[in-house]
Amino acid sequence: MAGLKFRRGLKTDLPTLAAGEPGFCTDTYELFIGSAGGNKNIPASSVRFYGYSASTADDASVTLPTHTLTGHGFVIAGNNVETAEFYLTTDGTVTLVYNSDNVVANANTDANLCIGTAVQTPLLIKNRLGSPSVLTIVFWYV
């Protein structure tokens, strides 16, 4: 399984994060999320987690929980057949951090794993790979 990494380091060295990008301060144990207005401190008590792992039929969707600020996650289809890490902004726009060939964002296209079938909230992840596949999703959001 692919690893997921946050930007991390001392608070004094925290760079300006991209919108939706998480950053963790190893000295103060604070979590920040990048936004158009700069880095936003996210109290640990406000971060939520969603996990899903189940066989998902072709053309079926998994609906992620509604977020208010941002979200970050990864999805694996099958036995690492298709993988992606993604950010989600307040308006429902998905940005792929990395992805395998048959993963698309903000689109509903055949023969792909679709993360967001449009700019939407709540976010849908849709299996359009042509056959049932086990989807494993990890998503944290505020």
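The values are calculated or read from the model by the stated rules, or taken from the named source; none is laboratory data. All values derive from a computational prediction rather than experimental measurement. Using ideal geometry, Cβ is built from the backbone for each residue, glycine included, and neighbour counts are taken over all protein chains shown.
Values as computed for the structure displayed
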{"read-out": "Residue check for ASP91: under 30 Å from PRO43 (Cβ atoms) and without any contact (Cβ under 8 Å) to a residue 60 or more places away in the chain", "value": "yes"}
{"read-out": "Residue match in region 29-36 (condition: among the hydroxyl-bearing types (Ser, Thr, Tyr), at pLDDT 85 or above and either in the same structural domain as LEU129 (by TED's automatic domain parsing) or surrounded by fewer than 18 Cβ atoms within 10 Å (Cβ to Cβ) (or both))", "value": "no"}
{"read-out": "Members of region 17-28 found to be touching a helix residue (DSSP H, G or I) at 6+ places or on another chain (Cβ under 7 Å) and crowded, with 16+ Cβ neighbours inside 10 Å, listed by number", "value": "CYS25"}
{"read-out": "Contacts under 7 angstrom Cβ, first residue in region 5-30 being within 22 Å of THR68 (Cα to Cα), partner in a loop (DSSP other than H, G, I, E, B) and among the polar types (S, T, N, Q), 6 or more apart", "value": "ALA19/THR89; GLY20/THR70; GLY20/THR89"}
{"read-out": "Subset of region 63-74 [over 13 Å from VAL47 (Cα atoms) and either among the aromatic types (Phe, Trp, Tyr) or more than 13 Å from the chain's Cα centre (by Cα) (or both)]", "value": "PHE74"}
{"read-out": "Search result, residues across region 106-134 that are among the polar types (S, T, N, Q) and closer than 14 Å to VAL75 by Cα", "value": "ASN112, ASN127, SER133"}
{"read-out": "Test: LEU14 is within 16 Å of VAL142 (Cα to Cα), aliphatic (A, V, I, L, M) and surrounded by 16 or more Cβ atoms within 10 Å (Cβ to Cβ)", "value": "no"}
{"read-out": "Counted residues, region 30-72 - those being among the polar types (S, T, N, Q), farther than 22 Å from ALA18 by Cβ and assigned to a strand (DSSP E or B)", "value": "5"}
